[in-house]
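Here the structure comes first, spelled out in structure tokens, and everything after it is commentary.
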Amino acid sequence: MSLSSSLKSLLTVCVLAAFVSSTVVESYKCAQCELEECNNDNKKTCDPSHGCFSEKKELNTTGQRPQSILRKGCSSSKCDPKAFSATLGDKHTFGYGYQCCQAEECNKADFQVARKSSAPNGITCPACYNDQGFTCQPTDLACKGEEKKCLEFVGTVKGAQPVFGMGCATETACNLRNMEVTNDVRIHTYCVGSGSGSPQLTSIISSILTALFLLKVLL
Ligand SMILES: *[C@@H]1O[C@H](CO)[C@@H](O)[C@H](O)[C@H]1NC(C)=O
């Protein structure tokens, strides 16, 4: 009698547990938008196994309106968070953030990409920026906050001159490959004087420079 009643309660527990665990995996909505749309309240129900993401790219140029590119939605497969910032020359800063979360509209709120400290960190990097070709005249830039690496980048632009620059950056900005920073600009980066920088880009740039130089000489 007591055995069958304990079996009964065990069965009850099992059924309850199965019921509870089946309702725990609940689907939720993520904010879904691009650019200006992100002021509206668009959302989408995502596959329960996927989370929400929000991505922000911010380009500031002294004397111009800050440019911010936002994207939000359901993350496709495994969500891979990322954040970096860079100061290029004395007039250009770029910040990037990709955040992941798993709860109802958890990607709705705005977030800061560059938690920029204004405290110099003792590192000095050559810095310059040129959106008309592969060279620029660097001047010394005192790095601030978490931007402790000296970075160089080259950007290819659809239907326009390449962009080239150097400056201070977070370590997470080193070694980006073909990363889309604004609609038409894709960049490659490497960091110098750190051992983590790859020498490949230097040779790519110098061979491009050599080719350009030869063209100039020959034509
Ligand atoms: C761009 O400027 C805005 C407004 O001044 C500031 O809040 C933001 O942190 C800046 N972003 C970067 C990447 O420097």
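The values are calculated or read from the model by the stated rules, or taken from the named source; none is laboratory data. These numbers were taken from a predicted model, which means no experiment stands behind them. Positions of Cβ are generated from backbone atoms using ideal geometry, with glycine treated the same way; all protein chains shown enter the neighbour counts. For accessibility, only protein heavy atoms count, side chains too; no ligands or nucleic acids. Shrake-Rupley method; radii C 1.70, N 1.55, O 1.52, S 1.80 Å.
Distance between the 7 Å Cα→Cβ label points at residue 28 and residue 178: 3.4 nm. Simple rule: put +1 on each Lys or Arg Cβ and -1 on each Asp or Glu Cβ in segment 34-170, find the dipole, and look at 79, 39, 170; the Cα lying farthest toward the positive end is 170. The apolar share of the surface of segment 118-186, taken as the fraction of accessible area on carbon and sulfur atoms (1.4 Å probe, ligands and nucleic acids excluded), comes to 48 percent. Could you please state, rounded to a whole Å, how far the C-alpha centre of segment 90-119 is from the C-alpha centre of segment 51-81? One Cα centre to the other: 7 Å.
For residue 185, the accessible surface of its heavy atoms amounts to roughly 30 Å² (probe 1.4 Å, protein chains only, rounded to the nearest 10). A crude spin-label estimate for the pair residue 109 and residue 40, with each label 7 Å from Cα along the Cβ direction, gives 2.5 nm. Assuming a ≥ b ≥ c are the square roots of the Cα gyration tensor eigenvalues, decide whether segment 95-143 counts as rounded (a/c under 1.5), prolate (otherwise, with a/b larger than b/c) or oblate. Oblate is the answer for segment 95-143, as a/c is 1.5 or above yet b/c matches or exceeds a/b.
Loop-located trypsin sites (Lys or Arg not before Pro) in segment 80-150 (DSSP state not H, G, I, E or B) with no more than 14 neighbouring Cβ atoms inside 10 Å: 91, 115. Rounded to the nearest 20 debye, the dipole size of segment 27-114 about its Cα centre is 120 debye, using +1 on the Cβ of Lys and Arg and -1 on the Cβ of Asp and Glu. Using the empirical formula 2.2 N^0.38 Å as the baseline, the Cα radius of gyration of segment 124-173 reaches a ratio of 1.19. Extension gain, residue 90-residue 124: 0.36 nm per intervening residue step, less the Cα-Cα distance, totals 11.0 nm. If Lys and Arg each add +1 and Asp and Glu each add -1, what is the summed charge of the other residues whose beta carbon sits under 9 Å from the beta carbon of residue 127? Net charge around residue 127: -2.
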